[in-house]
Structures are given as structure tokens and as C-alpha cells.
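Written out below as C-alpha cells is the structure these notes cover.
The values are calculated or read from the model by the stated rules, or taken from the named source; none is laboratory data. Quick caveat, the model's predicted, so the values are computed rather than measured. Neighbour counts run over all protein chains shown; Cβ positions are idealised from the backbone, glycine included.
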Amino acid sequence: MNILHVITLYNRLKDNPDLDVVPRAVIFGGKAAPGYFLAKLIIKLINSVAETMNNDPEVNEKLKVIFLPNYCVSQAEKVIPAADLSEQISTAGTEASGTGNMKFALNGALIIGTLDGANIEIMEEVGRENIFIFGLDAETVEKLREEGYNPGDYYRKDPELKKALDMIRFGNFTPDEPDLFKPIWDKLIMDGDKYLVLADYRQFINAQEQVGRVYRNPKEWTRRSILNTANMGKFSSDRSVLEYARKIWDVKPLE
Ligand SMILES: *Cc1c(COP(=O)(O)O)cnc(C)c1O
């Protein structure tokens, strides 16, 4: 979904190179298990999108994409304190993010995120108005799945989403291998879109526009940033180890 947002920004800039947007460098870090074909292909897609955009003088002053190879703690130590925005956008109920978001918030980044994993606990600490929450909650995800979710409806009804997906499908970023990313398109449109990416896309785009508006107001952005850092106390390891000791290990601290 993150790369779909990037492609959407790219298309808006291509349609209107004078578009007044906040310049962004979007940095991806992550790894795929060796046998996880689709995750590998998504990494390849991010790199192909990066190559296209970073070499396009019409957009590369306003939009850059970076995929960090071999993401690890040493890289995280540099990237996390430098980040303005942390994107914690897993489908609600899959609980994909537990600690990355805490590291970002502690270091002054604002979070754009779904109601999933530790985003929820962070929201409770920093206040709903100081975190960019979007998308379906876990209950609605369940309900939508039960009622019969049809990603094709979202694809057909949303021209920006359709355009981004078709660019992936028809080799816009890999003209030499036009069918390379077909499995991604198939997974999202033909194969049920297990993670409901298409259902959250429009809300994500809208929330990102809100991010851009707040970023233009440095006083407000800084206020939220300070509140994020100041309210991270609950996530200290002292508290969490003590809680484990009491509730799970049933051991008492030494006097
Ligand atoms: C924190 C961290 C993770 C785990 O992040 P989650 O958001 O908890 O999934 C993985 N890799 C590195 C290098 C980290 O620093």
C-alpha cells in the first residue's frame, strides 16, 4: 500500500509538475524470507519504482524513493531518528508492528497508521489527535471478509487506484519485462486481496494529504512531535520487564 501511495504521488506530479506538494523522500526497510515469492517481488517493485522516479527530472526534486538493502539495527539507528513520519500501515488485526512504531515515536516522528498492533497503545498514550489514524478496524475487517469482500469493486471505482495498479500490471516500471509484476496484480484483484489493501487505499491517501497539511505548519508538527516523544514513557523496558515478571514469570525483584 505504501508503494501504491508513492505511485499515486508520482502520477499527480506527472499530470501537474507544478503541483504544490510537500517534498518527500520515502524510505523502505525490510526483508523477505527466501521462499516468500510475493514479498521478494514487492521488494523488486519498490526498487523498480525507485529507479524510474529518481531518474525522472520532472519529479525527482519533490519525490524520491529509497529501498535500504539489508535492513538491520545499525541502519535503524540512523534512519529512525532522522525520520519525520513512520508508516505503520498493516491491516488491522494482523498486528504486524510491535516495536518499530515505538522507536519512531520516541525519536520524534509522527505515526501514520491503522488501528493495529502497538499503534493502538501508542494512540492511547499520545492522544488520537496526535497520530494519523486511518483505515478499517479489526472488527470491520472481519465483517467485510464475512460479507464477501470484492477488491475488483474498489479497482473499478477509484481511477487513481486503477491507474497505479495497471502501471504495475503492464510493465510501466520494467518495460523490458512487462509481465514481471503480474503476480502482484493477480494477488490483489483476482485472488481476493487477503490483506484488504484496496479497501484501505483511499483512506490512506486522504490521511497522507492530512500529513502534508500538518507538515506545512512547523509549529503544529513540532508540538505533536514533542507530545509523541514525551508520552512514550509507558513503553520503557523497565515497565515491560516488570510486567512480565509479575504476570508471566511470577518472579519477584531482588530488594
Ligand atoms: C525494531 C526492529 C524490527 C521490528 O519491528 P516491528 O515494528 O516490531 O515489526 C525489525 N528489524 C529491525 C532492524 C528493527 O530495529
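Some observations on this one:
- Meets criteria (at negative phi, among the basic types (Lys, Arg) and without any contact (Cβ under 8 Å) to a residue 12 or more places away in the chain) for Lys44: no
- Looking across segment 9-50 at every residue that is in a helix (DSSP H, G or I) and of a type in the set (S, T, N, Q), the one that is surrounded by the most Cβ atoms within 10 Å (Cβ to Cβ) is identified as Ser48.
- Taking the criterion of being within 16 Å of Thr94 (Cα to Cα) and either under 20 Å from the mean Cα position of the chain (by Cα) or among the acidic types (Asp, Glu) (or both), the residues of segment 134-165 that qualify are Phe134, Gly135, Leu136, Asp137, Ala138, Glu139, Thr140, Val141, Glu142.
- Condition check for Val6: modelled with pLDDT of 95 or more and buried (at least 19 other Cβ atoms within 10 Å of the Cβ): yes
- Only listed residue being of a type in the set (Val, Ile, Thr) and more than 13 Å from the chain's Cα centre (by Cα), chosen from Ile89, Ile131: Ile131
- Enumeration of residues in segment 140-164 that are exposed (fewer than 13 other Cβ atoms within 10 Å of the Cβ), of a type in the set (D, E, K, R) and under 29 Å from Gly212 (Cα atoms): Asp153, Arg156, Lys157
- Pro69, sole failed condition from (1) touching a residue at least 40 places away in the same chain (Cβ under 8 Å); (2) within 16 Å of the ligand (Cβ to nearest atom); (3) more than 25 Å from Val141 (Cα to Cα): (1)
- The helices (runs of 4 or more DSSP H) found entirely in segment 165-255 that carry 3 or more residues being surrounded by fewer than 16 Cβ atoms within 10 Å (Cβ to Cβ) are 197-215, 218-230, 237-244.
- Applying a threshold of 6 Å to beta carbon distances and a minimum spacing of six or more residues, or different chains, the list of pairs starting in segment 94-120 at a residue that is closer than 18 Å to Phe204 by Cα and outside any loop (DSSP other than H, G, I, E, B) and ending at one that is of a type in the set (A, V, I, L, M) and within 8 Å of the ligand (Cβ to nearest atom) reads Asn101/Ala118.
- Counted residues, segment 121-138 - those being within 23 Å of Val197 (Cα to Cα) and outside any helix (DSSP H, G or I): 7
- Residue check, Thr140 away from the ligand (no atom under 16 Å from the Cβ), at pLDDT 95 or above and hydroxyl-bearing (Ser, Thr, Tyr): yes
- When residues of segment 72-92 are limited to those that are more than 15 Å from Phe134 (Cβ to Cβ), touching a residue at least 40 places away in the same chain (Cβ under 8 Å) and part of a loop (DSSP other than H, G, I, E, B), the one farthest from the ligand (Cβ to nearest atom): Asp84
- Screening Pro34 against (1) within 21 Å of Asn172 (Cβ to Cβ); (2) away from the ligand (no atom under 15 Å from the Cβ) leaves a single unmet condition, (1).
- Unmet requirement for Met53, which otherwise passes all of (1) within 24 Å of Ser225 (Cβ to Cβ); (2) crowded, with 17+ Cβ neighbours inside 10 Å; (3) away from the ligand (no atom under 16 Å from the Cβ): (1)
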